[in-house]
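Written below as C-alpha coordinates is the structure these notes are about.
The values are calculated or read from the model by the stated rules, or taken from the named source; none is laboratory data. Everything quoted here is computed from the prediction, not taken from an experiment. Using ideal geometry, Cβ is built from the backbone for each residue, glycine included, and neighbour counts are taken over all protein chains shown.
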Amino acid sequence: MQSIALLTLGAVFIPVWNVLTKTHLSDVQTSSIARVSDPLPNLLSDLYLFLSISFLAILLGVTCAFYLEEWLPQTNWIRRLVESQVALFSGIPSLLYGLLVVTICLPYTGAFKAIEASLSVENLDVTPLSATAFQGDTTLFYAAGLTFVLLVMPRAIKATQEALRSVPMPIRESAYALGASQWQVLMKHVVPLAIPRVLAGGCRAMSCALAAAALFIGIYIWGHTTQSGQMSSSFALFLGGALLLSILSSFLAERYPSVSM
Amino acid sequence: MNTNGDNSSQITPVIQVSDLKVRYGDKSALNGISFDVHKNEILGIIGPAQSGKTTLLKVINRTLELTSGTTVEGSVKLDGVDISTINDVYGLRRRIGMVLPLPVGLPLSIYDNVAFAPRTGGIRAKSELDEIVERCLQQAALWDEVKDRLDTLGTKLSGGQQQRLTIARALSHQPEILCLDEFSIAVDPVTTMRIEDVLDTLRSEMTILLVTNLVQQAKRLANRTAFILNGDLIEIDTTEVIFSDNPTNQATYDYVNGNFG
(Lines give C-alpha, C1' and ligand atoms only; values in the text may rest on other atoms or scores of the structure.)
Protein backbone atom coordinates (compact mmCIF):
# COMPACT_ATOMS: atom_id res chain seq x y z
CA MET A 1 0.00 0.00 0.00
CA GLN A 2 2.81 2.37 0.89
CA SER A 3 4.58 1.63 -2.37
CA ILE A 4 1.42 2.42 -4.33
CA ALA A 5 1.18 5.67 -2.42
CA LEU A 6 4.76 6.52 -3.27
CA LEU A 7 4.16 5.68 -6.93
CA THR A 8 1.19 8.04 -6.95
CA LEU A 9 3.34 10.73 -5.42
CA GLY A 10 5.94 10.19 -8.09
CA ALA A 11 3.37 10.12 -10.87
CA VAL A 12 2.02 13.46 -9.72
CA PHE A 13 5.19 15.33 -8.97
CA ILE A 14 7.64 14.20 -11.63
CA PRO A 15 5.64 16.01 -14.34
CA VAL A 16 5.36 18.97 -12.01
CA TRP A 17 9.11 19.08 -11.71
CA ASN A 18 9.57 18.75 -15.46
CA VAL A 19 7.15 21.53 -16.25
CA LEU A 20 8.54 23.72 -13.48
CA THR A 21 12.03 23.52 -14.88
CA LYS A 22 10.78 24.32 -18.38
CA THR A 23 8.34 27.09 -17.51
CA HIS A 24 9.59 30.60 -18.08
CA LEU A 25 8.54 33.27 -15.71
CA SER A 26 7.65 35.53 -18.61
CA ASP A 27 4.77 33.20 -19.52
CA VAL A 28 3.29 33.59 -16.10
CA GLN A 29 3.89 37.30 -16.13
CA THR A 30 1.94 37.85 -19.32
CA SER A 31 -1.06 36.13 -17.92
CA SER A 32 -0.94 38.14 -14.71
CA ILE A 33 -0.64 41.41 -16.54
CA ALA A 34 -3.42 40.37 -18.81
CA ARG A 35 -5.91 40.07 -16.00
CA VAL A 36 -5.94 43.57 -14.67
CA SER A 37 -9.38 44.99 -15.26
CA ASP A 38 -12.96 44.39 -14.28
CA PRO A 39 -12.56 42.86 -10.83
CA LEU A 40 -16.16 42.18 -9.87
CA PRO A 41 -17.24 39.54 -12.40
CA ASN A 42 -13.97 37.73 -11.85
CA LEU A 43 -14.43 37.90 -8.13
CA LEU A 44 -17.87 36.42 -8.47
CA SER A 45 -16.66 33.71 -10.78
CA ASP A 46 -13.90 32.87 -8.29
CA LEU A 47 -16.41 32.77 -5.50
CA TYR A 48 -18.74 30.63 -7.54
CA LEU A 49 -15.94 28.28 -8.49
CA PHE A 50 -14.69 28.03 -4.95
CA LEU A 51 -18.04 27.52 -3.26
CA SER A 52 -19.49 25.04 -5.69
CA ILE A 53 -16.36 22.97 -5.97
CA SER A 54 -15.64 22.91 -2.25
CA PHE A 55 -19.22 22.00 -1.52
CA LEU A 56 -19.02 19.12 -3.97
CA ALA A 57 -15.62 18.02 -2.71
CA ILE A 58 -16.71 18.06 0.93
CA LEU A 59 -19.93 16.25 0.13
CA LEU A 60 -18.01 13.65 -1.81
CA GLY A 61 -15.36 13.38 0.90
CA VAL A 62 -17.90 12.98 3.70
CA THR A 63 -19.82 10.35 1.76
CA CYS A 64 -16.64 8.51 0.97
CA ALA A 65 -15.54 8.59 4.61
CA PHE A 66 -18.91 7.30 5.78
CA TYR A 67 -18.70 4.43 3.33
CA LEU A 68 -15.14 3.56 4.30
CA GLU A 69 -15.68 3.83 8.01
CA GLU A 70 -19.11 2.28 8.37
CA TRP A 71 -19.36 -0.32 5.66
CA LEU A 72 -15.89 -1.53 4.79
CA PRO A 73 -13.94 -3.66 7.25
CA GLN A 74 -10.56 -2.35 8.31
CA THR A 75 -8.77 -5.05 6.35
CA ASN A 76 -10.50 -4.29 3.06
CA TRP A 77 -7.93 -3.42 0.39
CA ILE A 78 -9.98 -0.56 -1.07
CA ARG A 79 -10.15 1.03 2.34
CA ARG A 80 -6.43 0.59 2.91
CA LEU A 81 -5.64 2.01 -0.52
CA VAL A 82 -7.88 5.04 -0.08
CA GLU A 83 -6.60 5.66 3.44
CA SER A 84 -2.98 5.58 2.34
CA GLN A 85 -3.76 7.97 -0.51
CA VAL A 86 -5.65 10.25 1.83
CA ALA A 87 -2.75 10.29 4.27
CA LEU A 88 -0.47 11.11 1.39
CA PHE A 89 -2.50 13.90 -0.15
CA SER A 90 -3.44 15.57 3.11
CA GLY A 91 0.23 15.62 4.02
CA ILE A 92 1.23 17.63 0.96
CA PRO A 93 1.64 21.32 1.77
CA SER A 94 -1.22 23.15 0.16
CA LEU A 95 1.06 25.57 -1.67
CA LEU A 96 2.26 22.70 -3.83
CA TYR A 97 -1.26 22.34 -5.16
CA GLY A 98 -1.03 25.88 -6.52
CA LEU A 99 2.17 24.97 -8.30
CA LEU A 100 0.42 21.84 -9.51
CA VAL A 101 -2.36 23.71 -11.24
CA VAL A 102 -0.01 26.21 -12.87
CA THR A 103 2.54 23.69 -14.01
CA ILE A 104 0.37 20.77 -15.02
CA CYS A 105 -2.97 22.20 -15.89
CA LEU A 106 -2.22 25.61 -17.41
CA PRO A 107 0.06 24.45 -20.23
CA TYR A 108 -2.40 21.80 -21.29
CA THR A 109 -5.44 24.01 -21.23
CA GLY A 110 -4.22 26.27 -23.97
CA ALA A 111 -4.88 29.25 -21.76
CA PHE A 112 -1.48 30.67 -22.47
CA LYS A 113 -2.13 30.44 -26.17
CA ALA A 114 -5.39 32.26 -25.84
CA ILE A 115 -3.79 34.99 -23.77
CA GLU A 116 -0.86 35.34 -26.11
CA ALA A 117 -3.11 35.48 -29.12
CA SER A 118 -5.29 38.19 -27.65
CA LEU A 119 -2.26 40.12 -26.44
CA SER A 120 -0.71 40.25 -29.87
CA VAL A 121 -3.88 41.57 -31.49
CA GLU A 122 -5.25 44.00 -28.92
CA ASN A 123 -2.41 44.78 -26.63
CA LEU A 124 -3.81 48.04 -25.32
CA ASP A 125 -7.46 47.13 -25.35
CA VAL A 126 -9.23 47.38 -22.01
CA THR A 127 -11.61 44.46 -22.61
CA PRO A 128 -11.03 41.80 -19.94
CA LEU A 129 -8.67 39.35 -21.50
CA SER A 130 -9.00 36.94 -18.66
CA ALA A 131 -12.65 36.58 -19.51
CA THR A 132 -11.66 35.54 -23.02
CA ALA A 133 -9.23 33.07 -21.59
CA PHE A 134 -11.74 31.60 -19.18
CA GLN A 135 -14.66 31.51 -21.58
CA GLY A 136 -12.58 30.38 -24.50
CA ASP A 137 -11.24 27.49 -22.52
CA THR A 138 -13.43 26.00 -19.86
CA THR A 139 -10.80 23.38 -19.16
CA LEU A 140 -8.98 25.97 -17.08
CA PHE A 141 -12.07 26.23 -14.94
CA TYR A 142 -12.10 22.48 -14.54
CA ALA A 143 -8.38 22.44 -13.79
CA ALA A 144 -8.84 24.88 -10.93
CA GLY A 145 -11.86 22.91 -9.74
CA LEU A 146 -9.94 19.65 -9.85
CA THR A 147 -7.17 21.13 -7.77
CA PHE A 148 -9.65 22.26 -5.18
CA VAL A 149 -11.13 18.78 -5.09
CA LEU A 150 -7.70 17.25 -4.71
CA LEU A 151 -6.91 19.65 -1.90
CA VAL A 152 -10.19 19.59 -0.01
CA MET A 153 -11.31 15.98 -0.38
CA PRO A 154 -8.52 14.13 1.46
CA ARG A 155 -8.81 16.54 4.37
CA ALA A 156 -12.58 16.15 4.43
CA ILE A 157 -12.27 12.36 4.37
CA LYS A 158 -9.73 12.37 7.17
CA ALA A 159 -11.73 14.73 9.38
CA THR A 160 -14.94 12.78 8.85
CA GLN A 161 -13.30 9.46 9.62
CA GLU A 162 -11.86 10.86 12.82
CA ALA A 163 -15.23 12.30 13.76
CA LEU A 164 -16.91 8.93 13.20
CA ARG A 165 -14.24 7.12 15.19
CA SER A 166 -14.70 9.54 18.06
CA VAL A 167 -18.27 8.34 18.62
CA PRO A 168 -17.90 5.95 21.56
CA MET A 169 -18.32 2.29 20.66
CA PRO A 170 -20.68 1.57 23.61
CA ILE A 171 -23.20 4.01 22.13
CA ARG A 172 -23.25 2.04 18.91
CA GLU A 173 -23.33 -1.24 20.79
CA SER A 174 -26.25 -0.28 22.99
CA ALA A 175 -28.18 1.04 20.01
CA TYR A 176 -27.55 -2.19 18.14
CA ALA A 177 -28.50 -4.19 21.21
CA LEU A 178 -31.89 -2.47 21.13
CA GLY A 179 -32.48 -3.94 17.70
CA ALA A 180 -31.71 -0.86 15.63
CA SER A 181 -30.55 -1.37 12.07
CA GLN A 182 -27.22 -0.02 10.90
CA TRP A 183 -28.98 2.86 9.15
CA GLN A 184 -30.94 3.78 12.28
CA VAL A 185 -27.83 3.67 14.43
CA LEU A 186 -26.01 5.87 11.94
CA MET A 187 -28.77 8.42 11.50
CA LYS A 188 -30.08 8.65 15.06
CA HIS A 189 -26.89 8.31 17.09
CA VAL A 190 -23.64 8.46 15.19
CA VAL A 191 -24.38 11.39 12.87
CA PRO A 192 -25.80 13.75 15.53
CA LEU A 193 -22.69 13.16 17.64
CA ALA A 194 -20.23 13.36 14.78
CA ILE A 195 -21.70 16.24 12.80
CA PRO A 196 -20.03 19.14 14.68
CA ARG A 197 -16.66 17.56 14.09
CA VAL A 198 -17.48 16.80 10.48
CA LEU A 199 -18.46 20.43 9.95
CA ALA A 200 -15.34 21.67 11.73
CA GLY A 201 -13.23 19.38 9.58
CA GLY A 202 -14.95 20.58 6.42
CA CYS A 203 -14.37 24.19 7.42
CA ARG A 204 -10.74 23.45 8.13
CA ALA A 205 -10.33 21.80 4.75
CA MET A 206 -11.92 24.76 2.97
CA SER A 207 -9.88 27.18 5.02
CA CYS A 208 -6.79 25.31 3.99
CA ALA A 209 -7.76 25.50 0.33
CA LEU A 210 -8.52 29.21 0.59
CA ALA A 211 -5.28 29.92 2.40
CA ALA A 212 -3.39 28.06 -0.29
CA ALA A 213 -5.16 30.04 -2.98
CA ALA A 214 -4.52 33.32 -1.18
CA LEU A 215 -0.89 32.44 -0.61
CA PHE A 216 -0.38 31.41 -4.16
CA ILE A 217 -2.11 34.42 -5.64
CA GLY A 218 -0.18 36.60 -3.25
CA ILE A 219 3.15 35.18 -4.31
CA TYR A 220 2.05 35.21 -7.90
CA ILE A 221 1.00 38.84 -7.97
CA TRP A 222 3.66 40.34 -5.73
CA GLY A 223 6.27 38.48 -7.63
CA HIS A 224 5.29 39.69 -11.04
CA THR A 225 3.20 42.80 -11.01
CA THR A 226 2.36 45.74 -8.85
CA GLN A 227 -0.97 46.39 -10.47
CA SER A 228 -4.04 46.13 -8.31
CA GLY A 229 -7.36 44.90 -9.56
CA GLN A 230 -8.75 41.45 -10.02
CA MET A 231 -5.79 39.66 -8.52
CA SER A 232 -5.70 41.59 -5.30
CA SER A 233 -9.44 41.32 -4.81
CA SER A 234 -9.21 37.57 -5.23
CA PHE A 235 -6.37 37.58 -2.79
CA ALA A 236 -8.45 39.43 -0.26
CA LEU A 237 -11.38 37.12 -0.87
CA PHE A 238 -9.36 33.96 -0.39
CA LEU A 239 -7.40 35.21 2.57
CA GLY A 240 -10.52 36.59 4.23
CA GLY A 241 -12.41 33.36 3.58
CA ALA A 242 -9.55 31.31 4.98
CA LEU A 243 -9.47 33.37 8.15
CA LEU A 244 -13.23 33.26 8.57
CA LEU A 245 -13.37 29.52 8.10
CA SER A 246 -10.49 28.78 10.44
CA ILE A 247 -12.22 30.91 13.08
CA LEU A 248 -15.47 29.05 12.45
CA SER A 249 -13.70 25.73 12.68
CA SER A 250 -12.09 26.54 16.01
CA PHE A 251 -15.44 27.89 17.21
CA LEU A 252 -17.08 24.58 16.36
CA ALA A 253 -14.28 22.67 18.03
CA GLU A 254 -14.71 24.77 21.16
CA ARG A 255 -18.48 24.68 21.20
CA TYR A 256 -18.49 20.90 20.91
CA PRO A 257 -15.19 20.00 22.56
CA SER A 258 -15.87 16.33 22.82
CA VAL A 259 -18.70 14.09 21.85
CA SER A 260 -17.96 11.61 24.57
CA MET A 261 -20.52 11.67 27.33
CA MET B 1 -19.21 -30.85 34.48
CA ASN B 2 -22.68 -30.73 35.82
CA THR B 3 -24.89 -28.85 33.39
CA ASN B 4 -28.13 -29.66 35.10
CA GLY B 5 -28.01 -28.36 38.60
CA ASP B 6 -31.75 -28.40 39.08
CA ASN B 7 -32.98 -31.92 38.56
CA SER B 8 -36.64 -31.21 37.97
CA SER B 9 -37.60 -32.82 34.66
CA GLN B 10 -39.90 -30.15 33.15
CA ILE B 11 -37.15 -27.54 32.88
CA THR B 12 -36.89 -26.20 29.35
CA PRO B 13 -33.59 -24.79 28.15
CA VAL B 14 -34.00 -21.33 26.59
CA ILE B 15 -30.40 -20.98 25.51
CA GLN B 16 -28.24 -23.95 24.64
CA VAL B 17 -24.58 -23.12 24.22
CA SER B 18 -22.53 -25.97 22.82
CA ASP B 19 -18.79 -26.02 22.28
CA LEU B 20 -18.62 -22.25 21.79
CA LYS B 21 -15.19 -21.02 20.72
CA VAL B 22 -14.47 -17.34 20.10
CA ARG B 23 -11.21 -15.86 18.91
CA TYR B 24 -10.19 -12.23 18.47
CA GLY B 25 -7.61 -12.62 15.74
CA ASP B 26 -5.11 -15.06 17.21
CA LYS B 27 -6.19 -14.52 20.80
CA SER B 28 -8.68 -17.02 22.13
CA ALA B 29 -11.46 -15.57 24.29
CA LEU B 30 -13.63 -18.63 24.81
CA ASN B 31 -12.23 -22.14 24.33
CA GLY B 32 -15.24 -24.35 23.78
CA ILE B 33 -17.81 -23.91 26.51
CA SER B 34 -21.17 -25.67 26.76
CA PHE B 35 -24.09 -25.04 29.07
CA ASP B 36 -27.85 -24.53 29.09
CA VAL B 37 -29.83 -21.62 30.44
CA HIS B 38 -33.22 -22.58 31.85
CA LYS B 39 -36.43 -20.69 31.44
CA ASN B 40 -37.20 -18.05 34.09
CA GLU B 41 -34.01 -18.48 36.03
CA ILE B 42 -31.30 -16.05 36.94
CA LEU B 43 -28.00 -17.48 35.83
CA GLY B 44 -25.10 -15.75 37.53
CA ILE B 45 -21.86 -15.71 35.56
CA ILE B 46 -18.78 -14.95 37.61
CA GLY B 47 -15.11 -14.90 36.81
CA PRO B 48 -12.15 -12.52 36.81
CA ALA B 49 -11.54 -9.90 34.13
CA GLN B 50 -10.56 -11.12 30.66
CA SER B 51 -12.21 -14.46 31.21
CA GLY B 52 -14.73 -14.05 28.39
CA LYS B 53 -17.93 -13.16 30.24
CA THR B 54 -18.76 -10.11 28.15
CA THR B 55 -17.80 -11.94 24.97
CA LEU B 56 -20.30 -14.63 25.84
CA LEU B 57 -23.11 -12.07 26.12
CA LYS B 58 -22.05 -10.44 22.87
CA VAL B 59 -22.23 -13.78 21.09
CA ILE B 60 -25.75 -14.31 22.35
CA ASN B 61 -27.12 -11.04 20.96
CA ARG B 62 -24.77 -11.16 17.97
CA THR B 63 -23.20 -7.77 18.57
CA LEU B 64 -19.81 -9.47 18.42
CA GLU B 65 -20.22 -9.38 14.65
CA LEU B 66 -19.69 -5.62 14.83
CA THR B 67 -16.10 -6.19 15.91
CA SER B 68 -13.92 -7.09 12.96
CA GLY B 69 -11.49 -9.98 13.16
CA THR B 70 -13.53 -12.22 15.40
CA THR B 71 -14.30 -15.85 14.66
CA VAL B 72 -17.06 -17.80 16.35
CA GLU B 73 -17.31 -21.61 16.30
CA GLY B 74 -19.81 -23.89 17.92
CA SER B 75 -23.47 -23.08 18.29
CA VAL B 76 -25.79 -21.02 20.44
CA LYS B 77 -29.42 -22.06 20.25
CA LEU B 78 -32.24 -19.81 21.33
CA ASP B 79 -35.47 -21.79 21.81
CA GLY B 80 -33.90 -24.55 19.74
CA VAL B 81 -32.96 -22.32 16.81
CA ASP B 82 -29.29 -21.73 16.04
CA ILE B 83 -28.90 -17.95 16.27
CA SER B 84 -26.32 -17.84 13.50
CA THR B 85 -29.00 -19.04 11.08
CA ILE B 86 -31.46 -16.28 12.03
CA ASN B 87 -31.69 -13.78 9.19
CA ASP B 88 -33.51 -11.06 11.11
CA VAL B 89 -30.66 -10.15 13.42
CA TYR B 90 -32.46 -6.98 14.55
CA GLY B 91 -35.47 -9.05 15.55
CA LEU B 92 -33.16 -11.38 17.46
CA ARG B 93 -31.58 -8.46 19.32
CA ARG B 94 -35.03 -7.16 20.22
CA ARG B 95 -35.73 -10.47 21.98
CA ILE B 96 -32.69 -9.90 24.20
CA GLY B 97 -32.29 -6.98 26.57
CA MET B 98 -28.72 -5.90 27.18
CA VAL B 99 -27.33 -3.71 29.95
CA LEU B 100 -23.71 -2.69 29.51
CA PRO B 101 -21.20 -2.20 32.37
CA LEU B 102 -20.93 1.57 32.06
CA PRO B 103 -24.17 3.47 31.65
CA VAL B 104 -24.54 4.58 28.07
CA GLY B 105 -27.26 7.15 27.69
CA LEU B 106 -28.07 7.47 24.05
CA PRO B 107 -27.95 11.15 23.04
CA LEU B 108 -31.73 11.44 23.29
CA SER B 109 -34.24 12.58 25.90
CA ILE B 110 -35.15 10.23 28.73
CA TYR B 111 -38.45 9.49 27.07
CA ASP B 112 -36.87 8.83 23.68
CA ASN B 113 -34.21 6.64 25.24
CA VAL B 114 -36.83 4.27 26.53
CA ALA B 115 -39.14 4.64 23.53
CA PHE B 116 -36.33 4.04 21.04
CA ALA B 117 -36.58 0.27 20.89
CA PRO B 118 -40.40 0.11 20.76
CA ARG B 119 -40.30 2.68 17.95
CA THR B 120 -37.80 0.66 15.94
CA GLY B 121 -40.06 -2.29 16.62
CA GLY B 122 -42.89 -0.42 14.91
CA ILE B 123 -44.96 1.00 17.79
CA ARG B 124 -46.09 4.51 16.87
CA ALA B 125 -49.12 5.30 19.06
CA LYS B 126 -48.27 7.93 21.65
CA SER B 127 -50.49 6.42 24.36
CA GLU B 128 -48.91 3.03 23.93
CA LEU B 129 -45.40 4.51 24.08
CA ASP B 130 -46.31 6.52 27.18
CA GLU B 131 -47.47 3.36 28.84
CA ILE B 132 -44.29 1.46 27.95
CA VAL B 133 -42.06 4.31 29.12
CA GLU B 134 -43.84 4.57 32.46
CA ARG B 135 -43.86 0.81 33.02
CA CYS B 136 -40.17 0.40 32.21
CA LEU B 137 -39.05 3.38 34.26
CA GLN B 138 -41.04 2.10 37.19
CA GLN B 139 -39.56 -1.36 36.80
CA ALA B 140 -36.09 0.16 36.82
CA ALA B 141 -36.89 2.17 39.99
CA LEU B 142 -36.35 5.46 38.17
CA TRP B 143 -39.87 6.73 37.50
CA ASP B 144 -40.27 8.80 40.66
CA GLU B 145 -37.03 10.66 40.06
CA VAL B 146 -37.58 11.58 36.43
CA LYS B 147 -41.33 11.66 35.85
CA ASP B 148 -41.37 15.46 35.78
CA ARG B 149 -38.51 15.85 33.35
CA LEU B 150 -38.85 13.18 30.74
CA ASP B 151 -37.75 15.67 28.08
CA THR B 152 -34.27 16.30 29.49
CA LEU B 153 -31.32 14.60 27.89
CA GLY B 154 -30.68 11.11 29.19
CA THR B 155 -26.99 11.93 29.39
CA LYS B 156 -27.69 14.70 31.91
CA LEU B 157 -28.68 12.20 34.60
CA SER B 158 -26.25 10.99 37.22
CA GLY B 159 -24.32 7.79 36.66
CA GLY B 160 -26.59 5.63 38.77
CA GLN B 161 -29.70 7.11 37.21
CA GLN B 162 -28.28 6.57 33.75
CA GLN B 163 -27.62 2.95 34.57
CA ARG B 164 -31.23 2.51 35.68
CA LEU B 165 -32.24 4.26 32.46
CA THR B 166 -30.32 1.67 30.47
CA ILE B 167 -32.11 -1.06 32.42
CA ALA B 168 -35.46 0.58 31.63
CA ARG B 169 -34.36 0.75 28.01
CA ALA B 170 -33.40 -2.91 27.97
CA LEU B 171 -36.84 -3.79 29.33
CA SER B 172 -38.67 -1.56 26.86
CA HIS B 173 -38.90 -4.12 24.09
CA GLN B 174 -40.17 -6.80 26.44
CA PRO B 175 -37.24 -9.17 25.96
CA GLU B 176 -37.40 -12.87 26.66
CA ILE B 177 -33.87 -12.76 27.95
CA LEU B 178 -32.23 -9.99 29.93
CA CYS B 179 -28.44 -9.83 29.94
CA LEU B 180 -26.83 -7.66 32.58
CA ASP B 181 -23.13 -7.05 32.23
CA GLU B 182 -21.77 -5.86 35.57
CA PHE B 183 -24.61 -3.38 35.88
CA SER B 184 -23.72 -2.31 39.39
CA ILE B 185 -20.30 -0.80 38.62
CA ALA B 186 -21.61 2.76 38.47
CA VAL B 187 -24.49 2.36 40.90
CA ASP B 188 -24.44 3.00 44.63
CA PRO B 189 -25.16 0.07 46.98
CA VAL B 190 -28.68 1.24 47.92
CA THR B 191 -29.74 1.57 44.29
CA THR B 192 -28.05 -1.73 43.55
CA MET B 193 -30.26 -3.38 46.14
CA ARG B 194 -33.33 -1.76 44.62
CA ILE B 195 -32.39 -3.01 41.16
CA GLU B 196 -31.71 -6.44 42.59
CA ASP B 197 -35.24 -6.45 43.98
CA VAL B 198 -36.49 -5.54 40.52
CA LEU B 199 -34.55 -8.41 38.99
CA ASP B 200 -35.96 -10.73 41.57
CA THR B 201 -39.51 -9.89 40.51
CA LEU B 202 -38.62 -10.01 36.81
CA ARG B 203 -37.56 -13.61 37.22
CA SER B 204 -41.13 -14.75 36.70
CA GLU B 205 -41.36 -12.96 33.33
CA MET B 206 -38.01 -13.55 31.71
CA THR B 207 -34.73 -15.37 31.82
CA ILE B 208 -31.87 -13.34 33.22
CA LEU B 209 -28.15 -13.70 32.58
CA LEU B 210 -26.30 -11.81 35.27
CA VAL B 211 -22.62 -11.25 34.65
CA THR B 212 -21.14 -9.83 37.79
CA ASN B 213 -17.87 -9.13 39.51
CA LEU B 214 -19.57 -9.10 42.88
CA VAL B 215 -19.75 -12.76 43.79
CA GLN B 216 -22.11 -11.91 46.64
CA GLN B 217 -24.55 -10.48 44.09
CA ALA B 218 -24.63 -13.82 42.30
CA LYS B 219 -25.10 -15.51 45.65
CA ARG B 220 -28.05 -13.25 46.51
CA LEU B 221 -29.85 -13.46 43.18
CA ALA B 222 -28.84 -16.38 41.01
CA ASN B 223 -30.61 -19.70 40.84
CA ARG B 224 -27.53 -21.20 39.28
CA THR B 225 -24.05 -19.81 38.89
CA ALA B 226 -21.40 -20.42 36.26
CA PHE B 227 -17.73 -19.80 36.92
CA ILE B 228 -15.65 -18.89 33.88
CA LEU B 229 -11.88 -18.62 34.03
CA ASN B 230 -9.64 -17.69 31.07
CA GLY B 231 -12.21 -18.73 28.50
CA ASP B 232 -13.04 -22.09 30.10
CA LEU B 233 -16.22 -22.94 31.92
CA ILE B 234 -14.86 -24.30 35.19
CA GLU B 235 -18.14 -25.13 36.81
CA ILE B 236 -21.87 -24.51 36.56
CA ASP B 237 -24.21 -25.57 39.31
CA THR B 238 -26.87 -24.33 41.63
CA THR B 239 -25.77 -21.28 43.55
CA GLU B 240 -25.94 -23.21 46.82
CA VAL B 241 -23.40 -25.72 45.57
CA ILE B 242 -21.06 -23.10 44.07
CA PHE B 243 -21.04 -21.09 47.27
CA SER B 244 -20.90 -24.10 49.55
CA ASP B 245 -17.72 -25.35 51.16
CA ASN B 246 -17.30 -28.11 48.64
CA PRO B 247 -17.90 -27.14 45.02
CA THR B 248 -16.63 -29.63 42.45
CA ASN B 249 -13.63 -27.56 41.51
CA GLN B 250 -11.05 -26.16 43.90
CA ALA B 251 -10.60 -23.01 41.72
CA THR B 252 -14.28 -22.17 42.19
CA TYR B 253 -13.93 -22.40 45.94
CA ASP B 254 -10.85 -20.19 45.88
CA TYR B 255 -12.50 -17.59 43.66
CA VAL B 256 -15.79 -17.20 45.52
CA ASN B 257 -13.94 -17.04 48.80
CA GLY B 258 -11.60 -14.37 47.53
CA ASN B 259 -8.45 -16.47 47.64
CA PHE B 260 -7.48 -15.32 44.13
CA GLY B 261 -8.76 -13.13 41.34
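If we keep just the residues of segment B:142-161 that are touching a Ser or Thr at 6+ places or on another chain (Cβ under 7 Å) and not β-branched (Val, Ile, Thr), which is farthest from B:SER109 (Cα to Cα)? Steps first, please.
Here is the first cut: in segment B:142-161, the ones touching a Ser or Thr at 6+ places or on another chain (Cβ under 7 Å) are B:150-154, B:160.
When the remaining residues are screened for being not β-branched (Val, Ile, Thr), the result is B:150-151, B:153-154, B:160.
Values: B:LEU150: 7, B:ASP151: 5, B:LEU153: 4, B:GLY154: 5, B:GLY160: 17 Å.
The extreme case among them is B:GLY160.
Tally time: how many residues in segment B:67-91 are within 14 Å of another protein chain (Cβ to nearest Cβ), exposed (fewer than 15 other Cβ atoms within 10 Å of the Cβ) and in a helix (DSSP H, G or I)?
1
Within segment B:92-115, count every residue that is closer than 18 Å to B:GLU176 by Cα and at the interface with chain A (Cβ under 7 Å from one of its Cβ atoms).
Here the count works out to 4.
So which residues in segment B:10-44 are of a type in the set (Gly, Ala, Ser) and in contact with a Lys or Arg (Cβ under 9 Å, 6 or more places away or on another chain)? Even if it seems obvious, please write down each step before you answer.
Keep residues of segment B:10-44 that are of a type in the set (Gly, Ala, Ser), which gives B:18, B:25, B:28-29, B:32, B:34, B:44.
If the condition is that a residue be of a type in the set (Gly, Ala, Ser) and in contact with a Lys or Arg (Cβ under 9 Å, 6 or more places away or on another chain), then B:SER18, B:SER28, B:ALA29, B:GLY32, B:GLY44 are the ones that fit.
Give the residues of segment A:148-170 that are within 11 Å of chain B (Cβ to nearest Cβ) and either in contact with a strand residue (DSSP E or B) (Cβ under 9 Å, 6 or more places away or on another chain) or in contact (Cβ under 8 Å) with a residue 24 or more places away in the chain (or both), sorted by residue number. Before you say what the answer is, go through the steps one by one.
Kept after step one, since they are within 11 Å of chain B (Cβ to nearest Cβ), are these residues of segment A:148-170: A:167-170.
The answer is A:VAL167, A:PRO168.
Return the residues of segment A:177-189 that are buried (at least 23 other Cβ atoms within 10 Å of the Cβ) and either more than 7 Å from every other protein chain (Cβ to nearest Cβ) or at pLDDT 85 or above (or both); say none if nothing qualifies.
Selection gives A:VAL185 alone.
Checking the conditions here, which among B:ILE228, B:ILE208, B:ILE234 is modelled with pLDDT of 85 or more and within 13 Å of the chain's Cα centre (by Cα)? Reasoning before the result, please.
Numbers: B:ILE228 fails: within 13 Å of the chain's Cα centre (by Cα); B:ILE234 fails: within 13 Å of the chain's Cα centre (by Cα).
The unique qualifying residue is B:ILE208.
In segment B:93-119, how many residues are assigned to a helix (DSSP H, G or I) and within 16 Å of B:THR166 (Cβ to Cβ)?
Taking segment B:93-119 and keeping what is assigned to a helix (DSSP H, G or I), we get B:93-94, B:110-119.
If we keep only those that are within 16 Å of B:THR166 (Cβ to Cβ) too, we end up with B:93-94, B:110-118.
Number of matching residues: 11.
Determine which member of the set B:LYS39, B:LYS53, B:LYS58 is away from chain A (no Cβ under 14 Å), crowded, with 17+ Cβ neighbours inside 10 Å and under 16 Å from the mean Cα position of the chain (by Cα). Walk me through how you get there before you give the answer.
Numbers: B:LYS39 fails: crowded, with 17+ Cβ neighbours inside 10 Å; B:LYS58 fails: away from chain A (no Cβ under 14 Å).
Only one candidate passes the filter, namely B:LYS53.
State all residues of segment B:158-189 that are modelled with pLDDT under 85 and of a type in the set (A, V, I, L, M); if no residue qualifies, say none.
Result: B:ILE185, B:ALA186, B:VAL187.
If you go through segment B:130-144 one residue at a time, do you hit one that is in the same structural domain as B:ILE46 (by TED's automatic domain parsing) and at positive phi?
Scanning segment B:130-144 turns up no residue that is in the same structural domain as B:ILE46 (by TED's automatic domain parsing) and at positive phi.
Only one of B:GLY25, B:GLY32 is away from chain A (no Cβ under 14 Å) and surrounded by fewer than 18 Cβ atoms within 10 Å (Cβ to Cβ). Can you tell me which? Before you say what the answer is, go through the steps one by one.
On the way: B:GLY25 fails: away from chain A (no Cβ under 14 Å).
Of the residues listed, the single one that is away from chain A (no Cβ under 14 Å) and surrounded by fewer than 18 Cβ atoms within 10 Å (Cβ to Cβ) is B:GLY32.
As an exercise: evaluate B:ILE123 against (1) facing another protein chain (nearest Cβ under 10 Å); (2) assigned to a loop (DSSP other than H, G, I, E, B) and give the number of the one condition it does not meet.
With respect to (1) facing another protein chain (nearest Cβ under 10 Å); (2) assigned to a loop (DSSP other than H, G, I, E, B), B:ILE123 is out only on (1).
Among A:ILE115, A:ILE217, A:ILE195, which is the only one that is at pLDDT 85 or above and on the phi < 0 side of the Ramachandran plot? Before the answer, list the steps.
Working: A:ILE115 fails: at pLDDT 85 or above; A:ILE217 fails: at pLDDT 85 or above.
A:ILE195 is the lone residue from the list that is at pLDDT 85 or above and on the phi < 0 side of the Ramachandran plot.
Which of the residues belonging to segment B:179-209 are of a type outside the set (Val, Ile, Thr) and within 14 Å of chain A (Cβ to nearest Cβ)?
Answer for segment B:179-209, where residues must be of a type outside the set (Val, Ile, Thr) and within 14 Å of chain A (Cβ to nearest Cβ): B:CYS179, B:LEU180, B:ASP181, B:GLU182, B:PHE183, B:ALA186, B:LEU209.
Right, B:GLU176: more than 12 Å from chain A (Cβ to nearest Cβ), within 24 Å of A:GLU173 (Cβ to Cβ) and of a type in the set (Asp, Glu) or not?
Taking the combined requirement at face value, the residue satisfies it.
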